[in-house]
Amino acid sequence: MNEQRSLASNPVDAARARQSYILFGVAGTSYAIRSDQVLHMEMVEHVTPVPNAPPFVEGVVFSRGQVVPVINLRARFGFDRKGLDLRTRLLVVQDEGRQVGLLADDAREFINIIDTAIQPPNEAIGGLSGNYVEGIATLGERIVLILSVREIVDTIPTATA
């Protein structure tokens, strides 16, 4: 209780103690990305396939004046692909100047997660998830996997001269 009072009395500490996340679903699992890493989120009707792309790259979309490569998170995480529908969302993220669209089954909420609710992934989980999972949050009975945007964005090869 005293810890909560001290955080409330100092807004700077309170801001550090929690971060805003966008929660989305892929194959029945809840994932989150820090909201400051998401440029925008939109519905997606069509993705243009790109020849010889890695299997998890769905293609490209034209979003807000930019051609953006799209990673199908279902394919990237080893789940079966599914067709686009009205719930499908494209989360356009940016890391070190690179913009990438992440295709999710749905994106439903913004939430503040207290830093102490996030635990590092177990070594076994980290190895299985390909270093994409940077933390696991427990929100009551719910488990949310916190993703590393950098690890996901770095999976797309860059063009070389």
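Annotations
- Farthest positive-ward along region 20-153 dipole, Cα basis, beta-carbon charges - from Phe79, Thr29, Val47: Val47
- Val153 sits among other residues whose Cβ lies under 11 Å from its own Cβ, and their net charge, with Lys and Arg +1 and Asp and Glu -1, is -2.
- Counting charges near Leu139 (Lys, Arg +1; Asp, Glu -1) among other residues having Cβ under 15 Å from its Cβ returns a value of 0.
- Placing dummy labels 7 Å off each Cα toward the beta-carbon, the span from Leu39 to Thr155 is 2.0 nm.
- Averaging 1/r over each pair of different alpha-carbon atoms in region 20-153 and inverting the result gives 15.2 Å, the Kirkwood hydrodynamic radius.
Rule-based calculations on the coordinates, nothing more; no lab input. Bear in mind the structure is a predicted one, so any value in this text is a computation, not a measurement. Please note: Cβ atoms are built from the backbone with ideal geometry, for glycine as well, and neighbour counts cover all protein chains shown.
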